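Input: a single structure, listed below in structure tokens.
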Amino acid sequence: MAQEVRGVIAPGKDEPVRIETVVVPDPGPGEAVVRVQACGVCHTDLHYKQGGINDDFPFLLGHEAAGVVESVGDDVTDVAPGDFVILNWRAVCGNCRACLRGRPWYCFDTHNARQKMTLTDGTELSPALGIGAFAEKTLVAAGQCTKVDPAVAPEAAGLLGCGVMAGIGAAINTGNVGRGDSVAVIGCGGVGDAAIAGSRLAGAAKIIAVDIDDRKLETARSMGATHTVNSRTADPVEAIRDLTGGFGADVVIEAVGRPETYRQAFYARDLAGTVVLVGVPTPDMKIELPLLDVFGRGGSLKSSWYGDCLPSRDFPMLIDLHLQGRLDLGAFVTETIALDEVEKAFERMHRGDVLRSVVVL
Ligand code: APR
Ligand code: ZN
Ligand code: ZN
């Protein structure tokens with residue numbers, strides 16, 4: 001029997017979100033219904049609402065979530081009712097050219113539920129990133145559920161489902177930060193701070209946080225930054241070079257997604273160093289660099305999609321490290337809110353007041 005639950009819908013371009021009744025079908029083959037316990041508010045949800053991702057309104061927003069599996073389709077064996085899971089938007093297919101080459105974190109054919117959740121009048125909903133978790137329950141592909149230790153608080157765990165994983169992964173997976181490295185992180189929101197926490201976890205010796213907002217720099221320090229640079233008042237490239245013996249950082253992580261900050265990242269790294277772009281640019285943005293500098297400075301210029309994570313490998317490991325007290329996921333939760341406060345949370349996010357607002361259900 002399909003169930004009716006409450007969910008946060010973006011009805012049309014730039015229209016305020018509202019709570020509607022969502023019809024959640026019973027899970028079919030390869031699917032699971034998850035009772036959502038917590039779901040973080042991410043920039044991507046706002047982009048959906050603004051029509052910046054596509055025009056497939058209405059959207060069921062929310063995608064940084066954790067909860068308990070309620071029911072699964074007949075053939076599902078990886079997860080079972082009662083399992084505590086983090087939802088992911090990288091349920092790898094196992095068959096695409098990336099998966100077959102042993103690089104499933106690039107999977108080009110990730111799974112979502114086949115059936116559609118709908119409004120009560122039958123209108124099909126587009127779940128954000130194939131998840132749609134600002135809802136009491138949601139229908140996903142079983143592979144989107146990653147089982148983790150249930151001892152963790154859901155509001156902290158859910159954040160690994162998107163932004164925090166993107167940041168940690170940008171450091172440890174894409175940037176390959178290792179013991180003794182110097183790292184600079186440009187942009188210290190939730191994603192940048194996660195890159196800082198990931199760099200600390202990986203044993204970086206020096207972690208330089210760059211932001212234009214002193215409040216963000218203060219938080220960055222608590223996440224593990226050893227130095228901070230306000231790039232409104234200081235040239236960040238010079239500051240990073242000064243802090244690294246005149247050379248630049250081994251790894252520079254760009255967590256803003258803008259041409260000027262990418263340029264800073266490009267010039268703030270040491271020769272043969274690595275730039276990781278994890279901030280997401282908009283289609284109008286362009287960057288011009290002397291090709292000779294691209295050649296002459298060597299190293300690698302990488303992008304990090306979802307922190308190049310493999311949920312089955314990374315989520316349980318990071319939850320274990322959190323439970324051991326080595327990674328404070330709770331520090332990313334600025335506030336917990338109710339389902340009907342998402343619109344307000346978007347405003348706070350826009351003003352830069354929060355790392356993450358998390359809806360708890
Ligand atoms: N230089 C340095 N820092 C900047 C600049 C700039 N020119 N412009 C903005 N920032 C800082 C902001 O002050 C803020 O602290 O970047 C941070 C961005 O943080 P959030 O808005 O909280 O965004 P976050 O969730 O961290 O995501 C960052 O990654 O996944 C993408 O779409 C996401 O592009 C976004 C980026
Ligand atoms: Zn694949
Ligand atoms: Zn997200």
> Just one of Val275, Val252, Val237 is touching a strand residue (DSSP E or B) at 6+ places or on another chain (Cβ under 9 Å) and over 13 Å from Arg297 (Cα atoms); which is it?
Replying inline: Val252
> Would you say Val276 is assigned by TED's automatic domain parsing to the domain that holds Val148 and either out of contact with any Phe, Trp or Tyr (no Cβ under 9 Å at 6 or more places or on another chain) or more than 18 Å from Val185 (Cβ to Cβ) (or both)?
Replying inline: no
>> Suppose we filter Gly246, Gly273 for residues that are part of a loop (DSSP other than H, G, I, E, B) and modelled with pLDDT of 95 or more; which single one remains?
In response: Gly246
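With respect to Leu355, determine if the residue is within 16 Å of ligand 3 (Cβ to nearest atom), in contact with a His (Cβ under 6 Å, 6 or more places away or on another chain) and among the aliphatic types (A, V, I, L, M).
no
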>> Being buried (at least 24 other Cβ atoms within 10 Å of the Cβ) and over 16 Å from the mean Cα position of the chain (by Cα) is true for just one of Val164, Val183. Which residue is that?
In response: Val183
>> Looking for something under 21 Å from the mean Cα position of the chain (by Cα), not charged (D, E, K, R) and not in a loop (DSSP other than H, G, I, E, B) - is there at least one such residue anywhere in region 228-237?
In response: no
> Would you call Thr233 out of contact with any Ser or Thr (no Cβ under 6 Å at 6 or more places or on another chain) and either surrounded by fewer than 16 Cβ atoms within 10 Å (Cβ to Cβ) or of a type outside the set (A, V, I, L, M, F, W, C) (or both)?
Replying inline: yes
> For region 299-311, does any single residue satisfy the condition of being touching a strand residue (DSSP E or B) at 6+ places or on another chain (Cβ under 6 Å), within 16 Å of ligand 2 (Cβ to nearest atom) and within 24 Å of Cys107 (Cβ to Cβ)?
Replying inline: yes
>> Quick check on this structure: which one of Ala220, Ala202 is in contact with a Ser or Thr (Cβ under 7 Å, 6 or more places away or on another chain), buried (at least 16 other Cβ atoms within 10 Å of the Cβ) and closer than 25 Å to His322 by Cα?
In response: Ala220
> If you take the residues of region 79-115 that are among the charged types (D, E, K, R) and surrounded by fewer than 16 Cβ atoms within 10 Å (Cβ to Cβ), which of them is farthest from ligand 1 (Cβ to nearest atom)?
Replying inline: Arg114
> Exactly one of (1) within 25 Å of Asp213 (Cβ to Cβ); (2) in a helix (DSSP H, G or I) is unmet by Phe295. Its number?
Replying inline: (1)
>> So Phe315 passes all but one of these: (1) within 30 Å of Pro150 (Cβ to Cβ); (2) assigned to a loop (DSSP other than H, G, I, E, B); (3) touching a Leu at 6+ places or on another chain (Cβ under 9 Å). Which condition number does it fail?
In response: (2)
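The values are calculated or read from the model by the stated rules, or taken from the named source; none is laboratory data. As the structure is a computational prediction, the values presented were derived from the model and not from experiment. As a convention, Cβ positions derive from the backbone with ideal geometry for all residues, glycine included, and neighbour counts pool all protein chains shown.
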